[in-house]
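Data first, discussion second: the structure below is written as structure tokens.
The values are calculated or read from the model by the stated rules, or taken from the named source; none is laboratory data. If you're wondering where the values come from, they're calculated on a predicted model, not measured in any experiment. Here Cβ is always computed from backbone atoms with ideal geometry, including for glycine, and neighbour counts include all displayed protein chains. Surface areas here come from the heavy atoms of the whole protein model, side chains and all, with no ligands, DNA or RNA. Shrake-Rupley method; radii C 1.70, N 1.55, O 1.52, S 1.80 Å.
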Amino acid sequence: MLIYLAKRLVVALCVCIAVSLLSFGLMFLVGDPAIAIAGSGGSARDAEAIRAAYGFDRPFLVQYLDWIARVLQGNLGQSIYFNIPVTEIIGARLPVTLQLGIFSFLLALVVAVPLGIAAALKPNGLTDRLALLLAVTGQAIPSFWLGLMAIVVFGVWYGLVPISGADTWRSYILPVVVLAYSAMPAMMRITRSGMIDVMGADYIRTAYAKGLSGWHVIAGHAVRNAILPLVSLAAVQLGVLLSGSIVIESVFALNGLGRLAWESLLRADLPVVQAIILILSLLYVLLTTAGDLLNAWLDPRIRGAR
């Protein structure tokens, strides 16, 4: 296990370094960042002053090493638009994104896993067909359209829940449900697939032959092995929900990191965009690595195969 852990941590570290390089390099993909910051009304003299003030006239590697050294000290730079530290802006917006992503993930998990298990127990039955319909519609319907329809029906027509903002817990109901619905299909299908494979295994037939009850066989033997593929997928899905909520945050006017990223792009606030990409990417890497390690702990075969 220690060897496997060391390998995964080395891989994660290499990915983090690559992510930091890409995050820093994105600033230069738009061309000269000094011109982007100066804006359409800026002169060549303004761009030159910005270039000198921000150190854009130095070699790329020197700029990157200087930036990563500041990041490791917790300094993500200064917002060009707000003229305050980026950490303050992100600190105010990050809780909204975390709450939205985590609640959506938990809801998707609570609905998808039992539904996938029920669908696998009677393949091609009514429950299985309903689960398949849920999966297909969840993958086919764009989340922004579903969010707008939810606002119209439950917020405007019936007035059951708030349609924007994050003032109370009720404000999270619609965005959490809409975001969770997009994550349910993959979780449900992989749970169903895993259960179907496990239910045909020899040790399941042996358990039934020993006289164990159906519930005991399913809960004690089948589920614990069927959910192994779900662990890695769940980690990936949580990372996707945390980093991909920009559409939902915009539709429901939630002041999270996704909406902040979009606003910062429109304002050419490059340090903020850079920091958001770095933070969300590192969260994704950490979650997927944690999922791999949890899978290896649950299944010794994974540790032996790598």
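Residue by residue, here is whether (1) under 14 Å from Leu94 (Cβ atoms); (2) in contact (Cβ under 8 Å) with a residue 60 or more places away in the chain holds:
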{"residue": "Leu270", "(1), (2)": "no, yes"}
{"residue": "Leu280", "(1), (2)": "yes, no"}
{"residue": "Tyr284", "(1), (2)": "no, no"}
{"residue": "Leu294", "(1), (2)": "no, yes"}
{"residue": "Trp297", "(1), (2)": "no, yes"}
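Looking at Leu257, Leu265, just one residue is in contact with a Ser or Thr (Cβ under 7 Å, 6 or more places away or on another chain) and either surrounded by fewer than 22 Cβ atoms within 10 Å (Cβ to Cβ) or closer than 21 Å to Tyr81 by Cα (or both), and that residue is Leu257.
Considering the range 84-138, the residues that are outside any helix (DSSP H, G or I) and either of a type in the set (A, V, I, L, M) or on the phi < 0 side of the Ramachandran plot (or both) include one that is least open to solvent (accessible area, probe 1.4 Å), namely Gly125. Selection within the range 47-59: residues that are of a type outside the set (Gly, Ala, Ser) and either open to solvent by 70 Å² or more (accessible area, probe 1.4 Å) or touching an Asp or Glu at 6+ places or on another chain (Cβ under 9 Å) (or both). The member of this set that is farthest from Phe24 (Cα to Cα) is Glu48.
Against the test of being touching a helix residue (DSSP H, G or I) at 6+ places or on another chain (Cβ under 6 Å) and open to solvent by less than 30 Å² (accessible area, probe 1.4 Å), the options Tyr64, Tyr81 yield a single qualifying residue, Tyr64. In the range 69-84, the residues that are under 12 Å from Gln274 (Cβ atoms) form Cβ pairs under 7 Å with partners that are assigned to a loop (DSSP other than H, G, I, E, B) and among the charged types (D, E, K, R), at six or more places apart or across chains, as follows: Ser79/Asp269; Ile80/Asp269. Any residue at all in the range 203-223 that's in a helix (DSSP H, G or I), within 22 Å of Leu107 (Cα to Cα) and open to solvent by less than 60 Å² (accessible area, probe 1.4 Å)? The answer is yes, given that some residue of the range 203-223 is in a helix (DSSP H, G or I), within 22 Å of Leu107 (Cα to Cα) and open to solvent by less than 60 Å² (accessible area, probe 1.4 Å). Considering Ile246, Ile190, Ile163, Ile151, the condition of being under 26 Å from Ile117 (Cα atoms) and crowded, with 16+ Cβ neighbours inside 10 Å is satisfied by Ile190 alone. Could you say which residue among Pro185, Pro229 is in a helix (DSSP H, G or I) and surrounded by fewer than 19 Cβ atoms within 10 Å (Cβ to Cβ)? Just one listed residue meets the conditions, Pro229. Under 30 Å from Val285 (Cβ atoms), within 23 Å of the chain's Cα centre (by Cα) and of a type in the set (S, T, N, Q), is that true of Ser232? Yes, satisfied.
Of all residues assigned to the range 53-74, at least one qualifies as being assigned to a helix (DSSP H, G or I) and modelled with pLDDT under 80.
Using the structure shown, decide if Tyr81 is in contact with a Lys or Arg (Cβ under 7 Å, 6 or more places away or on another chain) and at pLDDT 80 or above. Answer is yes for this residue.
Please work out if Gly31 is at positive phi and either modelled with pLDDT under 70 or out of contact with any Gly (no Cβ under 9 Å at 6 or more places or on another chain) (or both). The answer is yes for Gly31. Applying the set (1) over 14 Å from Val96 (Cβ atoms); (2) under 14 Å from the mean Cα position of the chain (by Cα) to Gly256 leaves exactly one unmet item: (1).
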